[in-house]
């Protein structure tokens, strides 16, 4: 799912203690493992979770369904209005958002400054007031730690070698898209990396104070353990500073 609120259990009781909502930002390129990590952090701490990439995918899907060019703001503007008027959990969880053509279009949509501006308010509101009155929020995307939540309590930038990321994405999609090839997936990822990191507005780059996590040779549990340890240490520092 793209928006999830987990109950306060276990580690969440400790993590939710500060009055101000804790914000954890998880950024990184496609198929780096950032989505899995962000969701697991939220689950472990009992925080709300938002996959911000789903917002751009939803706009891209709406644009494609209208026959619009996802790289032209004039074409995309009506799609923004449709998504913001109909923003629901079901919409952001739709399997249609994961289709390769939607992923490609989403990268083009995300490069448009007006789209990013329109979606920014929703993302910041989620971070400041996560649903369910939980202790914090975990957001993943490309520019959470640099633009959306530059004051996030903990920031991660998750990465992996392109070949490894291509393997992961290929395994994820090969059964539902039998015509895909590993070479094609790798070429697509490299194009998206260049577009995302090279755009003029909110490029996908690590925040200066982000923790870099290379997941190339790590299992998801190993990555999660590292991240949770980092969050705990940072929250202890924040709590001590407020005492």
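The values are calculated or read from the model by the stated rules, or taken from the named source; none is laboratory data. Bear in mind the structure is a predicted one, so any value in this text is a computation, not a measurement. Counting neighbours? That spans all protein chains shown, and the Cβs are built from the backbone with ideal geometry, glycine included.
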Subject >> Pairs where the first residue, in the range 188-204, is on the phi > 0 side of the Ramachandran plot and surrounded by 14 or more Cβ atoms within 10 Å (Cβ to Cβ) and the second is outside any loop (DSSP other than H, G, I, E, B) and modelled with pLDDT of 90 or more, C-beta under 8 Å, 6+ apart >> reply: 202/116; 202/146; 202/147
**OP:** For residue 101, state whether it is part of a helix (DSSP H, G or I) and either under 30 Å from residue 233 (Cβ atoms) or at pLDDT below 90 (or both).
**Re:** no
Original post:
Only one of (1) within 27 Å of residue 150 (Cα to Cα); (2) assigned to a helix (DSSP H, G or I); (3) out of contact with any strand residue (DSSP E or B) (no Cβ under 9 Å at 6 or more places or on another chain) fails for residue 31. Which number is that?
Top reply: (2)
Subject >> Hits in the range 132-173 (condition: closer than 21 Å to residue 107 by Cβ and over 16 Å from the mean Cα position of the chain (by Cα)) >> reply: 161, 162, 163, 164, 166, 167, 168, 170, 171, 172, 173
Subject >> strands (runs of 3 or more DSSP E) within the range 113-225 that include 3 or more residues under 24 Å from residue 95 (Cβ atoms), at pLDDT 95 or above and in contact with a helix residue (DSSP H, G or I) (Cβ under 7 Å, 6 or more places away or on another chain) >> reply: 136-141
**OP:** Scan the range 36-51 for residues that are part of a loop (DSSP other than H, G, I, E, B) and either surrounded by fewer than 23 Cβ atoms within 10 Å (Cβ to Cβ) or modelled with pLDDT under 95 (or both) and jot them down.
**Re:** 46
